[in-house]
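Peer 1: Structure in structure tokens, see below.
The values are calculated or read from the model by the stated rules, or taken from the named source; none is laboratory data. The structure presented is a predicted model; accordingly, all values stated were derived computationally and were not measured. Cβ atoms come from the backbone with ideal geometry, glycine included; neighbour counts cover every protein chain shown. Calculation scope for accessible area: heavy atoms of the full protein, side chains included, ligands and nucleic acids excluded. Shrake-Rupley method; radii C 1.70, N 1.55, O 1.52, S 1.80 Å.
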Amino acid sequence: MTFSPSMNASPQVHGFFDSGTWTVTYVVHAESGGPCAIIDPVLDYDPKSGRTRTTSADQVIEHVRSHGLQVAWILETHAHADHLSAAPYLKAQLGGQTAIGAKITAVQKVFKGIFNLSSDFAVDGSQFDRLLADGECLPLGGLQLQALSVPGHTPACMAYRVGDAVFVGDTLFMPDVGSARCDFPGGDARSLYASVQKILSLPPQTRLFMCHDYPPEGRAVKFETTVAEQRAANIHLKDGIGEAEFVRMRTARDATLAMPVLILPAVQVNIRAGEMPPAEANGVAYLKIPLNVL
Ligand SMILES: [Fe+2]
């Protein structure tokens, strides 16, 4: 990788917060009427009825159309455990190519075992249009979008950098919330610490866009901060907190966390790039619940 994206460019970023899953979907672009990337789109899913809806995704579509944008890329920072991806729906409506970190293959292998998927479930990432290596750049009009490998929460996690904006995925949360959990299969607190150092070594004014916000009581939802603010105030990873202290804290905290409500539906859809499992003979697609496994 020889290209280094200009830090001077300051793309336009619009975030859509989904209050059902605490997830932020982003649309990023340089100029109106130009190409854009959509990052981490949400498909609404009701676990009580097993029904999906496209209310959240339709807001993104409305934004893209009203700004005259062309979708170049639909990116996932990782195979999310808390929401289903709307990537296939958005691709059908707006075009664009889907992409995720190349190590998604490791995540697919693990969950193919957990869900006992049939041999026709490919674990080569071929469900996505593009698999991205660390440092790889994608064109976005006059800008470049750079993929940065940031493992820890999952082994395949990526952040995406466009000019002075970085979409951090599940690494850092807002300074008063801290960091992402590292106890999912393939997660590793030591790796997350190193990934965060990589993000925090960027220039202090770099804009950081969170994948989620879980605001403490009394604070409104917020999902944009800067490297400087994180280094000064992140409760888990501010300057001066070393790897051993972080790993101790993160491991102890993870031991207290329940599984996300949607982990089982979400992961088995998201490792298929957001497609549902193939329909059975009656035309209905089913999700599986492995008992006493997670
Ligand atoms: Fe996540």
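Peer 1: Where residues in the stretch 24-42 are touching a His at 6+ places or on another chain (Cβ under 7 Å) and over 12 Å from Val60 (Cβ atoms), which of them is most open to solvent (accessible area, probe 1.4 Å)?
Peer 2: Ser32
Peer 1: Same structure, new question: Residues being small (Gly, Ala, Ser), over 14 Å from Val13 (Cα atoms) and more than 12 Å from the ligand (Cβ to nearest atom): count how many of those fall in the stretch 140-168.
Peer 2: 5
Peer 1: So, in the stretch 224-250, how many residues would count as being open to solvent by less than 80 Å² (accessible area, probe 1.4 Å), in a helix (DSSP H, G or I) and out of contact with any Phe, Trp or Tyr (no Cβ under 6 Å at 6 or more places or on another chain)?
Peer 2: 9
Peer 1: Condition (residue is touching a residue at least 40 places away in the same chain (Cβ under 8 Å), buried (at least 20 other Cβ atoms within 10 Å of the Cβ) and touching a Leu at 6+ places or on another chain (Cβ under 6 Å)) applied to the stretch 197-213: is it met by at least one residue?
Peer 2: Looking through the stretch 197-213, none of the residues is touching a residue at least 40 places away in the same chain (Cβ under 8 Å), buried (at least 20 other Cβ atoms within 10 Å of the Cβ) and touching a Leu at 6+ places or on another chain (Cβ under 6 Å).
Peer 1: Let me confirm something: among Ile271, Ile289, which residue is open to solvent by 50 Å² or more (accessible area, probe 1.4 Å) and closer than 18 Å to Ile114 by Cα?
Peer 2: Of the residues listed, the single one that is open to solvent by 50 Å² or more (accessible area, probe 1.4 Å) and closer than 18 Å to Ile114 by Cα is Ile289.
Peer 1: Further question on the same structure: Would the stretch 100-119 turn up any residue that is touching a helix residue (DSSP H, G or I) at 6+ places or on another chain (Cβ under 6 Å), surrounded by 18 or more Cβ atoms within 10 Å (Cβ to Cβ), of a type outside the set (Lys, Arg) and not in a loop (DSSP other than H, G, I, E, B)?
Peer 2: Yes, there is a match, as at least one residue in the stretch 100-119 is touching a helix residue (DSSP H, G or I) at 6+ places or on another chain (Cβ under 6 Å), surrounded by 18 or more Cβ atoms within 10 Å (Cβ to Cβ), of a type outside the set (Lys, Arg) and not in a loop (DSSP other than H, G, I, E, B).
Peer 1: Going through Ala57, Ala9 one at a time, which residue ends up being under 19 Å from Gly96 (Cα atoms), open to solvent by less than 60 Å² (accessible area, probe 1.4 Å) and hydrophobic (A, V, I, L, M, F, W, C)?
Peer 2: Exactly one of Ala57, Ala9 is under 19 Å from Gly96 (Cα atoms), open to solvent by less than 60 Å² (accessible area, probe 1.4 Å) and hydrophobic (A, V, I, L, M, F, W, C), namely Ala57.
Peer 1: Filter the stretch 142-161 for residues that are in a loop (DSSP other than H, G, I, E, B), in contact with an Asp or Glu (Cβ under 8 Å, 6 or more places away or on another chain) and buried (at least 18 other Cβ atoms within 10 Å of the Cβ) and give the result.
Peer 2: Residues satisfying the conditions are Pro151, Gly152, His153, Thr154, Pro155, Cys157.
Peer 1: Being away from the ligand (no atom under 14 Å from the Cβ) and touching a residue at least 60 places away in the same chain (Cβ under 8 Å) is the filter here, so list the residues in the stretch 76-111 that pass it.
Peer 2: Scanning the stretch 76-111 gives Ala86, Ala87, Pro88, Tyr89, Thr98, Ala106, Gln108, Val110.
Peer 1: Next question, about the same structure. If you go through the stretch 208-215 one residue at a time, do you hit one that is within 12 Å of the ligand (Cβ to nearest atom) and touching a Pro at 6+ places or on another chain (Cβ under 7 Å)?
Peer 2: No: the stretch 208-215 contains no residue that is within 12 Å of the ligand (Cβ to nearest atom) and touching a Pro at 6+ places or on another chain (Cβ under 7 Å).
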